[in-house]
Amino acid sequence: MLTLLLASLLGTAGGGVVAVADPVSVVPRRTTEFLDSLGVVIHPGAVDYPADATKVLGYLRRVGLTHVRTNSTVDQSDPGYAKGLSAAKALAAAGIGQDFTIQNAAIAQYTQQQIIDSVDLRLNYLADNGLVDSAESIEPFNEFDQTNPPVAGWSDVLKQQMIYLASQRARLAPAARILGPALVGHNLPNTAHLMSTDPSGGPINAYFDSGSFHSYPLGKAPETTFPTVDPASTTSQFNVQPVYVPWAYTFEDRITNYGYYIAHDKPITMTETGYSNDKSSYVGRIDEVSSGTYIPRVYLDAFRIGIPRTYLYELIDERSLPSKRERAFGLFHANGSPKPAATGLNHLTTLLAGGDAALTPTPLDVSVTSADPATPVNSFLLQKTSGEYWLAVWQPISVYDVSTHLPIARTD
């Protein structure tokens, strides 16, 4: 059975332009693999997150997500420590995989001992609180190239931290991954090359399993120009020498800088991406309905081009933050009510749930093209069970005008 996961089910714009072409043999990917690629950022110790950890778990279950990226504090004097720890334990007990970042002490200069201590604080936090098995990945300092106060020699500090973290791998669960450095996305043309090698000149990717990459669309459609990945491919299509630009405004500029200088042919995890629904003057703002259209497509396109996991920023609005532009990235409002994006994700994950994780995918003859050459169509094939296939089909078109900050008229 072949089922179409059509654009209308995801709330996307447009309709009536998809045609099935002469079929070709396609090797599908498992639906379980796609669902496993979906993650979300949470700040469980933050003011706007519920004190009752079961509510955080309820939000995750509502949208069908089983992976979170968290910055839970290791500082017991922090007001959010107890709440963050309670949530981490509740999520671990429920089988939610967690990606933990190492906490930056916000100092201008690090000694070698402070670099070691920063890693040990996080690893001890995991061990002391029974969280080692739920920690499916761990990251070095987050966006360490842009801190307040700025860190002297930040790239050298980050390299030393990664080297020490890699040496402590035995303190993590056997299947846990060490992620590479997540740098500020738009500045990657100016920073990625600084993280290319270790102090002895060897490749920095020797110290991590997957890159950690940030890219925000700033209100634009999320799709890229990269081709759909071949499930059997072992070579990263992002490891190509980029053309230098002063600021990386496109996904392609950002990820090729990261791939070429840092990750090389290792996979790249997208640990932050998303849309802000703030109504202030933030240049990247977008209305809730439009982001509800784009966010399922964020996950679809990232999986299509070979990103093994994407963490959307973030689960719940943080209306108490001093920065207005960061207050409204949530799938849910601060009061717990779902935004259109949460509803769309619920539809998507509900449709694809129940797949066979042990399935050996079987090729199927299928092909999709656009009946209108001016309107492209993206697609990829999934297999849920031995007799059930799903074909994801959507149009990578804009539904929001970033110059006027108004939605573009939609059709069914």
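The values are calculated or read from the model by the stated rules, or taken from the named source; none is laboratory data. Quick caveat, the model's predicted, so the values are computed rather than measured. Here the Cβ positions follow ideal geometry from the backbone for every residue, glycine too, while neighbour counts run over all protein chains shown. For the accessible areas, the whole protein counts, side chains as well, though only heavy atoms, and no ligand, DNA or RNA atoms are used. Shrake-Rupley method; radii C 1.70, N 1.55, O 1.52, S 1.80 Å.
Taking PRO189, is it closer than 30 Å to PRO376 by Cβ, assigned to a helix (DSSP H, G or I), in contact (Cβ under 8 Å) with a residue 40 or more places away in the chain and more than 17 Å from the chain's Cα centre (by Cα)? Full working, then the answer.
Details: closer than 30 Å to PRO376 by Cβ: yes; assigned to a helix (DSSP H, G or I): yes; in contact (Cβ under 8 Å) with a residue 40 or more places away in the chain: yes; more than 17 Å from the chain's Cα centre (by Cα): yes.
Yes; evaluated as a whole, the condition is true for this residue.
Tally up the residues in region 192-223 that are of a type outside the set (Val, Ile, Thr) and not in a loop (DSSP other than H, G, I, E, B), please.
Just the residues of region 192-223 that are of a type outside the set (Val, Ile, Thr), to begin with: 192-196, 198-203, 205-223.
From the residues that got through so far, the ones that are not in a loop (DSSP other than H, G, I, E, B) too are 192-195, 203, 205-207, 210-214.
Qualifying residue count for the region: 13.
Table: residues versus (1) open to solvent by 10 Å² or more (accessible area, probe 1.4 Å); (2) modelled with pLDDT of 95 or more; (3) basic (Lys, Arg); (4) farther than 24 Å from VAL40 by Cβ.
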residue: VAL240; (1), (2), (3), (4): yes, yes, no, yes
residue: TYR249; (1), (2), (3), (4): yes, no, no, yes
residue: TYR260; (1), (2), (3), (4): yes, yes, no, yes
residue: THR271; (1), (2), (3), (4): no, yes, no, no
residue: LEU300; (1), (2), (3), (4): no, yes, no, no
residue: GLY306; (1), (2), (3), (4): yes, yes, no, no
residue: LEU315; (1), (2), (3), (4): no, yes, no, no
residue: SER323; (1), (2), (3), (4): yes, no, no, no
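If we scan region 63-72, do we find a residue that is at pLDDT below 95 and either crowded, with 22+ Cβ neighbours inside 10 Å or basic (Lys, Arg) (or both)? Working first, answer last.
Initially, region 63-72 is screened for residues at pLDDT below 95, giving 71-72.
Then keep just the ones that are either crowded, with 22+ Cβ neighbours inside 10 Å or basic (Lys, Arg) (or both); that gives 72.
Checking region 63-72: at least one residue is at pLDDT below 95 and either crowded, with 22+ Cβ neighbours inside 10 Å or basic (Lys, Arg) (or both).
Please go through (1) outside any helix (DSSP H, G or I); (2) open to solvent by 60 Å² or more (accessible area, probe 1.4 Å); (3) under 21 Å from GLU139 (Cβ atoms) for SER77 and return the number of the only condition it doesn't satisfy.
Looking at each condition in turn, SER77 falls short on (3).
Can you run down the residue pairs with Cβ atoms below 8 Å, 6 or more apart or on separate chains, where the first is in region 327-351 and under 12 Å from ARG61 (Cα atoms) and open to solvent by less than 20 Å² (accessible area, probe 1.4 Å) and the partner is in a loop (DSSP other than H, G, I, E, B) and modelled with pLDDT of 95 or more?
Listed by first residue and then by second, the contacts come to ALA342/LEU331; LEU345/GLY64; LEU345/LEU65; LEU345/LEU331; THR349/GLY64; THR349/LEU65.
Of all residues being touching a strand residue (DSSP E or B) at 6+ places or on another chain (Cβ under 8 Å), at pLDDT 95 or above and polar (S, T, N, Q) in region 348-377, which is nearest to PRO23 (Cα to Cα)? Just the residue, please.
This residue is THR362.
Name the residue that is modelled with the lowest pLDDT, counting only residues in region 14-35 that are surrounded by fewer than 17 Cβ atoms within 10 Å (Cβ to Cβ) and under 23 Å from THR349 (Cα atoms).
In this case the residue turns out to be GLY15.
ALA232 versus (1) open to solvent by 50 Å² or more (accessible area, probe 1.4 Å); (2) at pLDDT 95 or above: which is the lone unmet condition?
Result: ALA232 passes all but (2).
When the residues of region 171-211 are filtered to those that are among the small types (Gly, Ala, Ser) and under 21 Å from GLN112 (Cα atoms), which remaining residue is surrounded by the most Cβ atoms within 10 Å (Cβ to Cβ)?
So in region 171-211, the residues among the small types (Gly, Ala, Ser) come out as 173, 175-176, 180, 182, 185, 192, 196, 200-202, 206, 210-211.
Narrowing further to those that are under 21 Å from GLN112 (Cα atoms): 180, 182, 196, 200-202, 206.
Numbers: GLY180: 26, ALA182: 24, SER196: 16, SER200: 6, GLY201: 7, GLY202: 10, ALA206: 13.
Per the stated criteria, the residue is GLY180.
Residues of region 80-134 being over 22 Å from the mean Cα position of the chain (by Cα), hydroxyl-bearing (Ser, Thr, Tyr), assigned to a loop (DSSP other than H, G, I, E, B) and surrounded by 13 or more Cβ atoms within 10 Å (Cβ to Cβ), which ones?
Matches in region 80-134: TYR110 only.
List every residue pair whose Cβ atoms lie under 8 Å apart, where the two residues are 6 or more positions apart in sequence or sit on different chains, the first residue falls within region 50-65 and is farther than 20 Å from THR349 by Cα, and the second residue, located anywhere, is among the charged types (D, E, K, R) and part of a helix (DSSP H, G or I).
Here the result reads ALA51/LYS83; ALA53/LYS83; ALA53/LYS89, each pair linking region 50-65 to a residue that is among the charged types (D, E, K, R) and part of a helix (DSSP H, G or I).
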